[in-house]
Amino acid sequence: MSWIAMLNKTYNNICLSNPEDLLPIAHTTQKADIEVVIDIYGNFVSSRVVEEGRETLIPCSEGSASRSGKNPVCHPLHDKLQYVAGDYTNYGGAKGDSFHEGYMAGLKDWCESPFANKKVCAVYEYLKKSCLVHDLVRDGSLYAPNSKLIDKWDGPKTEVPPIFKVIVGNQSDAFIRFCVDGLDSPSNLWEDSKVQQDYIKYYLSKQRDRQFCYVTGEAVPCSTNHPSKIRHTGDKAKLISANDSTGFTYRGRFQNAEEAVQISYEVSQKAHNALKWLIANQGKRFGDKGEKVFLLWGTEGQKLPCLTGDTADEALQEDEDEDVGQWADTKEEIAKRFNRAISGYKAILSSYTELALMGLDSATTGRLSITFYREFHGQQGNELFDNIRAWHEECSWLHKYKRHKNKQITFEGSPGLEDIATIAFGTEQNGMIKAKNKVVGATVERLIPCIVEKALIPIDIVNALVRKAMHPQSYDEDYNWSKVISVTCSIYKRHRLEKYKEVWDVNVNLDSDDIIYNCGRLLAVADEIERYALALQNEKRQTNAVKLFTRFASDPCNTWNLISIKLNPYIQRLGKRGNKLNKLKEDISSKISPTAFAELKNLDGRMILGFDAQKNFIRNNIIKKDAGGEENESIEEQD
């Protein structure tokens, strides 16, 4: 139960500094459809259909917070029309008067308790008159021709009544919220902190049965009906539930739910409300409906890194409003900011620091599971941040696919986990690389331990990336394949470090004797020679090196012979402009043994490392763009 204790502590700590950030206990949120204003004497003033700002904080009980069609429990104050309106059946309401009678009995009990609130009492006095639907129809908020609320609007679209612009389903299901004018502000009861506190005191006073709480170790009122709506307002899945009282009764292990676990009502409310707030503010969602959630948080609300983002994401958090266009060197600035951010996170650590990492997913509509959970106490956070820094450094490569505020930026670092998953298991669709959301979420979940625990990158992900990089013909857009190449280099670089203790760098290793790496370099030179020659003639098409990329990876020697024949016309076209590239090609060829080259088959990811590193070197040191946009040879000699 440590995760509940951590969330409970988080709630208490945040409430000390920013109590308005979190939901109060015994409250939930609901989208309101109609707003009713009454005066302090319980008289109707006005109403309106709520089209904006519909999210409403409402008091609730254990039962009403998780009510369903089989369990129609009323909320204490704001609620649907069939609960709050005494004349609901007079206008064709089919659900009867029992809903309203139960609601009024509960509201009366609150108003007659020591924790009664004057504004709530005014609502009660008005609702006793049983004229709410009548007043709303007269005021234009409900539509009832022939004194019957209709299910849907069948008239002209230009004459749609306001209620049918927001309501989902029948008008009788419209959710009503109340305002009371004539007393101190705010008049909106859902924003009135005194109304909230009065209800909390009233509701807690009704709980008298005390049991041992597994979290606090105290004898307090406990709960067996825990909140839902954890990931969003429509979320029905629960983390803790006990509703199999028939059939497989608690799997034969317990006679009742209390034997399994007992958690106090307050702790449950605080923990779940803290979790909702954390997910909404710093959780990362994946899946078709955002059902898979990853969350890193501190019990004191500390600012923490985003585990799933790339290096640029973390660096740009420092000042999200700053214009990166003013930076002289984007790569260098992002690296500085990333290191500064990690150092800042480590600076907050003390012997009392408590951090937690949680993964959530739902297999069914009603069940939410914790897929993994880790805690970091005190200086253990140092290891976490060191591992995060190591991931970004050990996966560091040059990436040019990132956009920030509609501007393309270049950075050296690790790609985001979503990008890795999408490229590994996705395909190009309408000019973009896309993958199934469930596959992306599952892959991200497998990659997170690679960051926080330095676990080995799953080999199937590594192999999938290399396969995608080896098949440029799968991508119609050059920028997509370029992204595939750079992301693959990042992950394969880390893979070689993990498995073989090899250190590869984004800067080309001109002295490397690795034959596979040099094959990639050789192919890159051929690609750049042809690309350079085509650019001088303003031609745009795929080079022969790229067309034969997959074949070269399978059978480099025979394929290179073919590429060389096709390359000769472009070498002649370049003339002296191509001297440096030709010399580079000869230097690389001299490092490759002809015998070993002839026997070489089925190259691995080192070919991709050599290919991309060499291309970056050529473009930065041999071929550059002048102010007019024409590609020219650099004046500087190659080392």
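Taking helices (runs of 4 or more DSSP H) that fall entirely within segment 85-169, which contain at least 2 residues that are more than 26 Å from residue 185 (Cα to Cα)? Working first, answer last.
Values: elements: 98-111, 118-127, 132-139.
Correct list: 98-111, 132-139.
Does residue 346 meet the test of being at pLDDT below 90, of a type in the set (Lys, Arg) and in a strand (DSSP E or B)? Working first, answer last.
Values: at pLDDT below 90: yes; of a type in the set (Lys, Arg): yes; in a strand (DSSP E or B): no.
For residue 346, the condition - at pLDDT below 90, of a type in the set (Lys, Arg) and in a strand (DSSP E or B) - is not met.
Identify, from the list 522, 510, the residue that is out of contact with any Cys (no Cβ under 9 Å at 6 or more places or on another chain) and over 15 Å from residue 616 (Cβ atoms).
Going through 522, 510 in turn, the sole match is 522.
Taking residue 47 as meeting all but one of (1) closer than 21 Å to residue 193 by Cα; (2) of a type in the set (S, T, N, Q); (3) at pLDDT 95 or above, write down the number of the exception.
Of everything listed in (1) closer than 21 Å to residue 193 by Cα; (2) of a type in the set (S, T, N, Q); (3) at pLDDT 95 or above, residue 47 misses just condition (1).
Go through segment 390-415 and count every residue that is modelled with pLDDT of 95 or more and out of contact with any strand residue (DSSP E or B) (no Cβ under 9 Å at 6 or more places or on another chain).
Residues flagged as modelled with pLDDT of 95 or more and out of contact with any strand residue (DSSP E or B) (no Cβ under 9 Å at 6 or more places or on another chain) within segment 390-415 amount to 3.
Name the residues in segment 259-300 that are among the acidic types (Asp, Glu) and outside the structural domain of residue 12 (by TED's automatic domain parsing), would you? So that I can check it myself, show each step before the final result.
Applying the first criterion (among the acidic types (Asp, Glu)) to segment 259-300 yields 259, 266, 288, 291, 300.
Those that are among the acidic types (Asp, Glu) and outside the structural domain of residue 12 (by TED's automatic domain parsing): 288, 291, 300.
Determine which single condition residue 447 fails, assuming it passes every other condition in (1) modelled with pLDDT of 95 or more; (2) touching a Ser or Thr at 6+ places or on another chain (Cβ under 8 Å).
Of (1) modelled with pLDDT of 95 or more; (2) touching a Ser or Thr at 6+ places or on another chain (Cβ under 8 Å), only one is false for residue 447: (2).
Could you check how many residues of segment 276-293 are closer than 20 Å to residue 29 by Cα and either small (Gly, Ala, Ser) or crowded, with 18+ Cβ neighbours inside 10 Å (or both)?
Taking segment 276-293 first, the residues closer than 20 Å to residue 29 by Cα are 276-283, 289-291.
Among the residues that remain, those that are also either small (Gly, Ala, Ser) or crowded, with 18+ Cβ neighbours inside 10 Å (or both) are: 276-280, 283, 290-291.
The qualifying residues number 8.
I'd like to know if segment 363-370 contains one or more residues that are assigned by TED's automatic domain parsing to the domain that holds residue 314, buried (at least 18 other Cβ atoms within 10 Å of the Cβ), in contact with a Leu (Cβ under 9 Å, 6 or more places away or on another chain) and not in a loop (DSSP other than H, G, I, E, B).
The first filter runs over segment 363-370 and keeps only residues assigned by TED's automatic domain parsing to the domain that holds residue 314, leaving 363-370.
Imposing the further condition that a residue be buried (at least 18 other Cβ atoms within 10 Å of the Cβ) reduces the set to 368.
Narrowing further to those that are in contact with a Leu (Cβ under 9 Å, 6 or more places away or on another chain): 368.
Of the ones still in play, those that are also not in a loop (DSSP other than H, G, I, E, B) are none.
Within segment 363-370, not a single residue is assigned by TED's automatic domain parsing to the domain that holds residue 314, buried (at least 18 other Cβ atoms within 10 Å of the Cβ), in contact with a Leu (Cβ under 9 Å, 6 or more places away or on another chain) and not in a loop (DSSP other than H, G, I, E, B).
May I ask you to list pairs of residues, at least six apart or on different chains, whose Cβ atoms are under 8 Å apart, with the first in segment 230-241 being closer than 20 Å to residue 267 by Cα and the second being surrounded by fewer than 19 Cβ atoms within 10 Å (Cβ to Cβ) and at pLDDT 85 or above?
231/285; 237/367; 238/367; 239/369; 239/370; 241/367
Here is a list: 584, 609. Which entry is hydrophobic (A, V, I, L, M, F, W, C), in contact with a Cys (Cβ under 6 Å, 6 or more places away or on another chain) and closer than 28 Å to residue 505 by Cβ? Explain how you work it out, then say what you get.
Values: 584 fails: in contact with a Cys (Cβ under 6 Å, 6 or more places away or on another chain).
Going through 584, 609 in turn, just one is hydrophobic (A, V, I, L, M, F, W, C), in contact with a Cys (Cβ under 6 Å, 6 or more places away or on another chain) and closer than 28 Å to residue 505 by Cβ: 609.
Of these, 476, 419, which one is on the phi < 0 side of the Ramachandran plot and either among the polar types (S, T, N, Q) or without any contact (Cβ under 8 Å) to a residue 60 or more places away in the chain (or both)?
Values: 419 fails: either among the polar types (S, T, N, Q) or without any contact (Cβ under 8 Å) to a residue 60 or more places away in the chain (or both).
Of 476, 419, the one residue that is on the phi < 0 side of the Ramachandran plot and either among the polar types (S, T, N, Q) or without any contact (Cβ under 8 Å) to a residue 60 or more places away in the chain (or both) is 476.
Do we have residue 162 as of a type outside the set (A, V, I, L, M, F, W, C) and surrounded by 13 or more Cβ atoms within 10 Å (Cβ to Cβ) here? Write out each step before concluding.
Numbers: of a type outside the set (A, V, I, L, M, F, W, C): yes; surrounded by 13 or more Cβ atoms within 10 Å (Cβ to Cβ): yes.
Spelling it out, residue 162 is indeed of a type outside the set (A, V, I, L, M, F, W, C) and surrounded by 13 or more Cβ atoms within 10 Å (Cβ to Cβ).
Against the condition surrounded by 15 or more Cβ atoms within 10 Å (Cβ to Cβ) and either touching a Phe, Trp or Tyr at 6+ places or on another chain (Cβ under 6 Å) or closer than 22 Å to residue 472 by Cβ (or both), how does residue 544 come out, does it pass? First the steps, then the outcome.
Details: surrounded by 15 or more Cβ atoms within 10 Å (Cβ to Cβ): yes; either touching a Phe, Trp or Tyr at 6+ places or on another chain (Cβ under 6 Å) or closer than 22 Å to residue 472 by Cβ (or both): yes.
So residue 544 fits the description; yes.
Residue by residue, here is whether (1) more than 29 Å from residue 197 (Cβ to Cβ); (2) within 43 Å of the chain's Cα centre (by Cα); (3) in contact (Cβ under 8 Å) with a residue 12 or more places away in the chain holds:
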{"position": "72", "(1), (2), (3)": "no, yes, yes"}
{"position": "78", "(1), (2), (3)": "no, yes, yes"}
{"position": "81", "(1), (2), (3)": "no, yes, yes"}
{"position": "87", "(1), (2), (3)": "yes, no, yes"}
{"position": "93", "(1), (2), (3)": "yes, yes, yes"}
{"position": "99", "(1), (2), (3)": "no, yes, yes"}
{"position": "104", "(1), (2), (3)": "no, yes, yes"}
{"position": "108", "(1), (2), (3)": "no, no, yes"}
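For the condition surrounded by 14 or more Cβ atoms within 10 Å (Cβ to Cβ) and either in contact with a Pro (Cβ under 8 Å, 6 or more places away or on another chain) or at pLDDT below 90 (or both), what is the one hit in 107, 189, 127? Give the derivation first.
Numbers: 189 fails: either in contact with a Pro (Cβ under 8 Å, 6 or more places away or on another chain) or at pLDDT below 90 (or both); 127 fails: either in contact with a Pro (Cβ under 8 Å, 6 or more places away or on another chain) or at pLDDT below 90 (or both).
Going through 107, 189, 127 in turn, just one is surrounded by 14 or more Cβ atoms within 10 Å (Cβ to Cβ) and either in contact with a Pro (Cβ under 8 Å, 6 or more places away or on another chain) or at pLDDT below 90 (or both): 107.
Output yes when any residue across segment 26-38 is in contact with a helix residue (DSSP H, G or I) (Cβ under 6 Å, 6 or more places away or on another chain) and modelled with pLDDT of 95 or more, and no when none is. Break it down into steps so the answer makes sense when it comes.
Residues of segment 26-38 that are in contact with a helix residue (DSSP H, G or I) (Cβ under 6 Å, 6 or more places away or on another chain), as a first pass: 26, 28, 38.
Filter once more, keeping what is modelled with pLDDT of 95 or more: 38.
Checked segment 26-38: at least one residue is in contact with a helix residue (DSSP H, G or I) (Cβ under 6 Å, 6 or more places away or on another chain) and modelled with pLDDT of 95 or more.
Anything in segment 347-374 that is polar (S, T, N, Q) and more than 20 Å from residue 284 (Cβ to Cβ)? List them, or say none.
First pass over segment 347-374, keeping only residues polar (S, T, N, Q): 350-351, 353, 362, 364-365, 369, 371.
Those that are polar (S, T, N, Q) and more than 20 Å from residue 284 (Cβ to Cβ): 350, 351, 353, 364, 365.
Would segment 174-190 turn up any residue that is in a loop (DSSP other than H, G, I, E, B), free of Cβ contacts under 8 Å to residues at least 24 places away in the same chain and hydrophobic (A, V, I, L, M, F, W, C)?
First, the residues of segment 174-190 that are in a loop (DSSP other than H, G, I, E, B): 174, 182-187.
Still in the list and also free of Cβ contacts under 8 Å to residues at least 24 places away in the same chain: 184-186.
Going one step further and asking which of them are hydrophobic (A, V, I, L, M, F, W, C), we end up with none.
No - not one qualifying residue is present in segment 174-190.
Here are 39, 79: which of them is in contact with a strand residue (DSSP E or B) (Cβ under 7 Å, 6 or more places away or on another chain) and buried (at least 21 other Cβ atoms within 10 Å of the Cβ)? Spell out how you get there, then give the answer.
Numbers: 39 fails: buried (at least 21 other Cβ atoms within 10 Å of the Cβ).
Exactly one residue qualifies, and that residue is 79.
Taking segment 396-418 as the search range and keeping residues that are among the charged types (D, E, K, R) and assigned to a strand (DSSP E or B), which one is surrounded by the most Cβ atoms within 10 Å (Cβ to Cβ)? Explain how you work it out, then say what you get.
Start the filter on segment 396-418 by keeping residues that are among the charged types (D, E, K, R), which leaves 400, 402-403, 405, 407, 412, 418.
Within this subset, residues satisfying the condition of being assigned to a strand (DSSP E or B) are 400, 402-403, 407, 412.
Working: 400: 13, 402: 23, 403: 9, 407: 11, 412: 21.
Ranking the qualifying residues of segment 396-418, first place goes to 402.
The values are calculated or read from the model by the stated rules, or taken from the named source; none is laboratory data. Quantities reported herein were computed from a predicted structural model and do not represent experimental measurements. Neighbour counts run over all protein chains shown; Cβ positions are idealised from the backbone, glycine included.
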